Amino acid sequence: MAFRLSTAAVRPLRPSTLLRPSAQQLRWLATPVYPVTSNLNGSKGPTAMVFLNMGGPSTVDEVGDFLSRLFADADLIPLGRLQNYIGPLISKRRTPKIQAQYAAIGGGSPIRKWSELQCSEMCKILDEISPETAPHKPYVAFRYANPLTETMYRQLLADGFGNGKGGRAVAFTQYPQYSCSTTGSSLNELWKWRQRLEGKAGPLDDGSDGTIKWSVIDRWPVHPGLVEAFAQNIEAKLLEYPEERRDKVVLLFSAHSLPMSVVNRGDPYPAEVGATVHAVMQRLKHVNPYRLCWQSQVGPQPWLGPQTQSSVEEYIAKGQKDLVLIPIAFTSDHIETLYELDEEVIGESGHKDTVKRVESLNGNPVFINALADLAKTHLASGIATSAQMGLRCPGCKSDRCHESKKFFAAQELA
């Protein structure tokens with residue numbers, strides 16, 4: 001990594017003060033490679049900030065591969081012993097329908113655009129408020145779409161992290177509420193590629209192995225900045241209703257559902273989503289009535305309910321037509337907001353004038369500042385993961401989950 005220094009700031013170094021490359025480093029490259037964290041300004045940086053998310057196909061042609069990866073993931077959609085057989089059949093059958101949905105929202109998901117913008121803008125703020133860990137380099141790792149976790153990890157190595165040079169990276173989940181099906185799956189995938197690409201690194205002369213040191217921001221359901229961003233968007237949408245009806249508008253918080261088999265295993269997601277909803281309603285002073293409902297059920301097995309679309313239909317049937325939908329578990333627009341909520345739930349309600357959706361967080365400056373605050377606090381804490389992340393679900397039987405959690409919790413940060 002190159003750093004620009006004024007000539008006045010640079011003092012000649014005595015030969016004895018120069019870092020000596022190890023024999024292993026000399027074998028890797030023709031010229032000596034010094035640690036990526038070496039910085040004459042005293043910073044511990046650079047720091048890689050890696051946003052984790054499900055992702056989405058950027059073009060209609062990517063839908064098939066996206067669905068194939070999604071239905072192959074037993075952490076997200078458990079299909080039992082026949083996962084490798086049933087998953088491809090389901091994804092192949094659903095591909096034409098899902099392609100049509102992505103075509104209807106512009107030909108692809110905007111989640112990559114928003115994720116890259118959010119991460120980049122957050123890093124700019126971090127460079128100012130956390131100079132001791134600067135510069136902060138933005139990366140995005142999607143579970144089922146490009147850029148995949150493997151691609152991101154190889155880019156880290158190409159950019160000078162790891163490979164005997166060390167360096168610090170933060171896996172920052174963009175699911176505010178933790179689930180084994182989402183954040184857990186992304187961390188399992190990150191751990192898998194870390195083991196494949198860096199797992200055989202041997203000790204260097206200083207006793208370290210020169211690999212990337214990881215830490216994890218694994219959940220943030222009630223961060224004040226997240227709560228404030230949601231609350232402001234809700235307040236803005238309520239202003240679109242006549243003042244005499246405004247306080248009676250029903251707020252319907254909508255989150256991605258989970259199979260009941262995952263819920264009954266002890267997954268913390270429903271409780272953490274509920275915590276976000278409660279915090280937002282406290283900020284709004286509980287003026288409006290509200291409910292939490294769940295969307296995006298796939299397949300015949302039981303899923304967490306009530307479903308968002310049926311909730312809207314039933315409230316309208318009861319005469320309650322002023323409804324505001326809040327995608328409370330999503331940090332940007334994608335098919336679940338732009339198609340499922342906007343086109344299916346609202347579009348098919350017959351009351352598009354009174355059933356509305358709040359804006360997604362996307363490039364909201366309140367939200368991006370919240371991300372920066374979360375990251376700064378985490379970087380300053382010296383803690384690898386939250387205490388909660390180390391606790392497995394009561395019904396967890398996954399060896400991969402156990403090994404992944406153990407690896408991240410054991411990271412020693414300088």
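When you look at Arg283, is it touching a helix residue (DSSP H, G or I) at 6+ places or on another chain (Cβ under 6 Å), more than 27 Å from Ile98 (Cβ to Cβ) and of a type outside the set (Val, Ile, Thr), yes or no? Yes: the conditions hold for Arg283.
Only one of the numbered conditions (1) surrounded by fewer than 22 Cβ atoms within 10 Å (Cβ to Cβ); (2) in contact with a His (Cβ under 7 Å, 6 or more places away or on another chain); (3) touching a residue at least 12 places away in the same chain (Cβ under 8 Å) is not met by Ile217, and that is (1). Scanning the stretch 257-280 for residues that are outside any loop (DSSP other than H, G, I, E, B) and in contact with a strand residue (DSSP E or B) (Cβ under 6 Å, 6 or more places away or on another chain), we see that the one that is farthest from Leu226 (Cα to Cα) is Pro259. Among the residues of the stretch 136-164, none is identified as of a type in the set (Asp, Glu), open to solvent by less than 50 Å² (accessible area, probe 1.4 Å) and not in a loop (DSSP other than H, G, I, E, B).
Condition check ((1) of a type in the set (Gly, Ala, Ser); (2) surrounded by fewer than 17 Cβ atoms within 10 Å (Cβ to Cβ); (3) within 20 Å of Ser261 (Cβ to Cβ)) across all residues:
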{"position": "Met49", "(1), (2), (3)": "no, no, no"}
{"position": "Tyr85", "(1), (2), (3)": "no, yes, yes"}
{"position": "Pro96", "(1), (2), (3)": "no, yes, no"}
{"position": "Pro110", "(1), (2), (3)": "no, no, no"}
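Within the stretch 40-87, the set of residues being among the aliphatic types (A, V, I, L, M) and farther than 30 Å from Lys376 by Cβ comprises Val60, Val63, Leu67, Leu70, Ala72, Ala74, Leu76, Ile77, Leu79, Leu82, Ile86. The residue that is nearest to Phe367 (Cα to Cα), counting only those in the stretch 94-121 that are over 14 Å from the mean Cα position of the chain (by Cα) and among the hydrophobic types (A, V, I, L, M, F, W, C), is Ile105.
Scanning the stretch 281-323 for residues that are under 27 Å from the mean Cα position of the chain (by Cα) and part of a strand (DSSP E or B), we see that the one that is surrounded by the fewest Cβ atoms within 10 Å (Cβ to Cβ) is Arg291.
Counting only residues that are in contact with a helix residue (DSSP H, G or I) (Cβ under 8 Å, 6 or more places away or on another chain) and more than 27 Å from Ala380 (Cβ to Cβ), how many does the stretch 149-162 have?
First, the residues of the stretch 149-162 that are in contact with a helix residue (DSSP H, G or I) (Cβ under 8 Å, 6 or more places away or on another chain): 149-150, 153-154, 157, 162.
Remaining after also requiring more than 27 Å from Ala380 (Cβ to Cβ): 150, 154.
So the answer is 2.
Between Leu197, Leu187, Leu238, the distinction of being more than 15 Å from the chain's Cα centre (by Cα) and open to solvent by less than 30 Å² (accessible area, probe 1.4 Å) belongs to Leu238 only.
Phe407 meets each of the listed conditions (1) at pLDDT 95 or above; (2) open to solvent by less than 40 Å² (accessible area, probe 1.4 Å) apart from (1). When the stretch 334-353 is limited to residues that are open to solvent by 50 Å² or more (accessible area, probe 1.4 Å) and outside any helix (DSSP H, G or I), the one that is farthest from Ser311 (Cα to Cα) turns out to be Asp353.
Screening Thr133 against (1) open to solvent by 20 Å² or more (accessible area, probe 1.4 Å); (2) out of contact with any Cys (no Cβ under 6 Å at 6 or more places or on another chain); (3) touching a residue at least 60 places away in the same chain (Cβ under 8 Å); (4) not hydrophobic (A, V, I, L, M, F, W, C) leaves a single unmet condition, (1).
Does the stretch 370-386 include one or more residues that are under 26 Å from Leu238 (Cα atoms) and either open to solvent by 70 Å² or more (accessible area, probe 1.4 Å) or in a helix (DSSP H, G or I) (or both)?
The answer is yes; a qualifying residue exists.
I'd like the full set of residues that are touching a Gly at 6+ places or on another chain (Cβ under 9 Å) and of a type in the set (S, T, N, Q), limited to the stretch 294-314. Working first, answer last.
From the stretch 294-314, those touching a Gly at 6+ places or on another chain (Cβ under 9 Å) are 294, 297, 311; that's our starting set.
Selection gives Gln297, Ser311.
The values are calculated or read from the model by the stated rules, or taken from the named source; none is laboratory data. As the structure is a computational prediction, the values presented were derived from the model and not from experiment. Every residue, glycine as well, gets a Cβ built from its backbone with ideal geometry; the counts of neighbours run over all protein chains shown. Accessible surface is based on the protein model in full, side chains and every heavy atom, while ligands, DNA and RNA are left aside. Shrake-Rupley method; radii C 1.70, N 1.55, O 1.52, S 1.80 Å.
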